[in-house]
Amino acid sequence: MAHLGMPSPASRVTSYSGFNLPSSSSSSSDGDDNDQYDDNEPLPFPAALARLDFLAPNFDPAAYLSALHTGPTARHQTLEDLRAELRDRSTSISAELLELVNANYTSFLGLGDELKGGEERVEDVRVGLLGFKRVVEEVQSRVRERRVEVGTLNGELQGVKGAVETGRQMLELDERVAGLEAHLAVGSTTQEKKTSEGDDDLRDEDEAEDSDDSDEDEEDKSGLVGSSPTKLGSLAREYVQVDRLATSLGRSLPFIRKMEERLIRCRNTILLDLSTATKEARKAGERGQTRVLKYLAIYRTLDAHTEAVQVFKEK
């Protein structure tokens with residue numbers, strides 16, 4: 001076994017002596033030192049924040065809070081503890097402010113009476129405000145006057161537009177009545193001369209169409225030479241439109257009252273031609289039945305039911 005080099009018990013004790021294991025006496029002395037620093041005891045609370053730090057002219061809250069946890073003046077303090085300290089500081093400052101107000105409340109109330117001087121400056125400001133008020137009132141008065149003026153002018157403009165439109169419709173009515181009279185060959189010689197120049201082309205076209213219609217009707221209904229239903233129907237519709245235009249303008253207008261005679265004469269002329277043509281068609285017997293029905297429709301267009309009954313009562 002000696003050849004294997006196994007250490008003896010004495011040599012093992014000697015080799016471990018380099019770790020300097022503490023003895024029983026040293027361990028007891030170290031235990032007294034450890035009792036002074038218990039891990040469960042809280043760290044000492046840092047000193048209160050200086051009030052002068054918050055009174056700095058260039059005080060920056062973010063930079064100040066960052067400096068509390070970094071740099072040489074870092075505080076070993078949790079964020080919750082810092083928030084509680086700042087909250088207590090705010091409460092104490094509010095209490096101090098309240099005490100200051102209560103202590104100087106009487107002086108504060110009498111401050112207005114103790115103020116002296118400045119009357120001239122106040123009077124200048126008052127005079128300036130009064131002048132500005134007068135200027136504003138003058139502007140408001142002019143605006144109201146201008147508003148009334150604009151409203152009056154708008155009313156006059158609407159009246160002028162209405163008068164212009166009425167005049168235009170009167171001219172249209174006169175032209176259409178004149179054209180109707182020219183087609184019916186009624187009216188005074190002066191009126192015929194007045195309308196003949198402007199209505200020659202239109203009358204020629206209508207007469208050509210009427211002659212074509214008459215020729216067609218005569219070819220279909222040989223022996224009937226009265227006014228064709230097409231011509232009489234066209235004249236009846238034109239008269240109805242002219243009569244409605246006169247009604248829209250107002251029957252009480254002097255111009256419309258003078259136009260009434262011409263309208264009545266045109267209507268009577270149409271009814272006379274219609275009566276003659278209806279009688280002729282009735283006498284034609286079976287050959288004129290189609291025309292009789294068409295003539296009855298023209299009576300209905302003119303709202304001349306009474307005249308139609310009288311024509312059919314005659315034998």
Failed criterion for residue 270 (all others in (1) free of Cβ contacts under 8 Å to residues at least 40 places away in the same chain; (2) closer than 24 Å to residue 244 by Cβ; (3) buried (at least 17 other Cβ atoms within 10 Å of the Cβ) hold): (1)
Members of segment 67-103 that are in contact with a helix residue (DSSP H, G or I) (Cβ under 7 Å, 6 or more places away or on another chain) and exposed (fewer than 10 other Cβ atoms within 10 Å of the Cβ): 73
Hits in segment 280-315 (condition: of a type in the set (S, T, N, Q) and without any contact (Cβ under 8 Å) to a residue 60 or more places away in the chain): 289, 306, 310
Residue satisfying all of: in segment 274-310; more than 13 Å from residue 228 (Cβ to Cβ) and in contact with a Leu (Cβ under 8 Å, 6 or more places away or on another chain); surrounded by the fewest Cβ atoms within 10 Å (Cβ to Cβ) among these: 287
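Since every read-out is calculated from the coordinates, none of them should be taken as a lab result. Here the structure is a predicted model, which is why all the values come from computation and not from measurement. Glycine also receives a Cβ, built like all others from the backbone with ideal geometry; neighbour counts cover every protein chain displayed.
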